[in-house]
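Participant: Attaching a single structure in C-alpha cells format; questions to follow.
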Amino acid sequence: MSQQIELVVLDMAGTTVTDQHEVEACFAKAARLTGIEATDAEILAVQGLAKRFVFQLFWRKQLGESHPEVEKRVDESYALFKEILEKHYHTHPVTPTEGCLALFNYLHENQIKIALTTGFYRVVTDIILEKLGWLEGLDENRVGTPSSMIQASISSDEVELGRPHPLMIQKAMRLLGVSDPKRVINAGDTPSDLQSGHAAGVFLNLGVTNGTHTTEQLISHPHDALIGSIDEIINVIEGTKVKSKS
C-alpha cells in the first residue's frame, strides 16, 4: 500500500508567498525606530517566529530579562511594526512563489489538503490571502472546502505558542480531521518552520531554499530534505508512492 499523504502544511512568506525580504525590512524599520539594537543577521535568524515574541526576545536581551520597561517597549515596537507591515501589504502586489500554483493544482487533483501556517497575525494574513484570492471559500474559522484554493489558514496569534512549537501544525490537523502526523508533510523556508515540523513529528519535514534562507542557513536544522522550490514536493510525494509500493 502506498503512503497516503492527507495534508501538506506550508509556510506563507518565502514559501508560498514571494518574499523579497520585505517582512525582514519592515521588522528592521520598526526595531530601529523604537530603539532596538539588532543586526541584520540577528533579525534574519528569527524570521518565521511570531513577531511580538521576537520583539520580546530583543528587548529582554537589550534591557535585561526582568527590566520593568520591557513589556512597554515590546508593545510600542510591535504596534509600529503592525502599522508598517499592514501599509506595505495594502500598497504592494502579492504573488505566489515559483512552483506554488503547480503544487496546489497537484494536491487538489490528488485530494490532498493544503494548510498555510504563518508567523503573521490574522489581520495581515487575511490581507495577503485576499490579495491572492486564497481567502475565498474559507469560513470564519479560516477553514475551506475541497474546492477552495487552500483548506485551512492558521496564524501565530491563533495558538498559544507559535513556532518553533508545533501547535499551528497540530491545529491544522484538528481543523481538517487528520489524526496521524505521519500522513502530513511540512515545508518552510526558515529554521523555525523546520523546528516546528520536527516537533510535530510529521512524515516529511522539508526545507525550502529559494525563500528567505539558503541551503547553508538551513542545513543544520532538523529536516528530511532540502528542496529548491515547493513544486518539488510533487516529486517527493510521487517517489514516496513508488517506494512504498515496491
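The values are calculated or read from the model by the stated rules, or taken from the named source; none is laboratory data. Because the structure is predicted, anything quoted here is derived from the model rather than measured. With ideal geometry, Cβ positions are generated from the backbone for all residues, glycine too; neighbour counts draw on all protein chains shown.
Participant: Has region 227-244 got at least one residue that is under 15 Å from Leu49 (Cβ atoms) and not β-branched (Val, Ile, Thr)?
Facilitator: no
Participant: Also, I was wondering about something else. Determine whether region 56-75 contains at least one residue that is out of contact with any strand residue (DSSP E or B) (no Cβ under 9 Å at 6 or more places or on another chain), surrounded by 13 or more Cβ atoms within 10 Å (Cβ to Cβ) and touching a residue at least 40 places away in the same chain (Cβ under 8 Å).
Facilitator: There is no residue in region 56-75 that is out of contact with any strand residue (DSSP E or B) (no Cβ under 9 Å at 6 or more places or on another chain), surrounded by 13 or more Cβ atoms within 10 Å (Cβ to Cβ) and touching a residue at least 40 places away in the same chain (Cβ under 8 Å).
Participant: Please work out which residue is surrounded by the most Cβ atoms within 10 Å (Cβ to Cβ), limiting yourself to region 152-166 and to residues that are closer than 21 Å to Val17 by Cβ and without any contact (Cβ under 8 Å) to a residue 40 or more places away in the chain.
Facilitator: Ser153
Participant: Restricting the search to region 133-153, which residues are assigned to a loop (DSSP other than H, G, I, E, B) and of a type in the set (Val, Ile, Thr)?
Facilitator: Once the filter is applied, which keeps residues that are assigned to a loop (DSSP other than H, G, I, E, B) and of a type in the set (Val, Ile, Thr), region 133-153 yields Thr145, Ile150.
Participant: Tell me which of these Ile112 doesn't satisfy, since it passes every other one: (1) among the β-branched types (Val, Ile, Thr); (2) at pLDDT 95 or above; (3) closer than 24 Å to Glu160 by Cα.
Facilitator: Exception for Ile112: condition (3).
Participant: Has region 7-17 got any residue that is charged (D, E, K, R) and not assigned by TED's automatic domain parsing to the domain that holds Met168?
Facilitator: No.
Participant: Gly48 passes all but one of (1) in a helix (DSSP H, G or I); (2) touching a residue at least 24 places away in the same chain (Cβ under 8 Å); (3) of a type in the set (Gly, Ala, Ser); (4) within 25 Å of Ser153 (Cα to Cα); which number fails?
Facilitator: (1)
Participant: Got a number for residues in region 175-195 being in contact (Cβ under 8 Å) with a residue 40 or more places away in the chain, among the polar types (S, T, N, Q) and under 20 Å from Glu42 (Cβ atoms)?
Facilitator: The total comes to 2.
Participant: Given Val46, Val17, which one is buried (at least 18 other Cβ atoms within 10 Å of the Cβ), at pLDDT below 90 and under 23 Å from His198 (Cα atoms)?
Facilitator: The unique qualifying residue is Val46.
Participant: Counting only residues that are of a type in the set (Gly, Ala, Ser) and either in the same structural domain as Gly197 (by TED's automatic domain parsing) or part of a loop (DSSP other than H, G, I, E, B) (or both), how many does region 26-45 have?
Facilitator: Of the residues in that region, 2 qualify.
Participant: Which pairs do you get when a residue that is assigned by TED's automatic domain parsing to the domain that holds Asp11 and within 22 Å of Val17 (Cβ to Cβ), found in region 219-242, comes within reach of a residue that is among the aromatic types (Phe, Trp, Tyr) and surrounded by 13 or more Cβ atoms within 10 Å (Cβ to Cβ), reach meaning Cβ atoms under 7 angstrom, with the pair 6+ apart or on two chains?
Facilitator: That search, which allows pairs on different chains as well, returns Ile234/Tyr106.
Participant: Step by step: first the residues of region 87-129, then only those that are surrounded by 19 or more Cβ atoms within 10 Å (Cβ to Cβ) and of a type in the set (Phe, Trp, Tyr), then the one that is nearest to Met149 (Cα to Cα). Which residue is that?
Facilitator: Result: Phe104.
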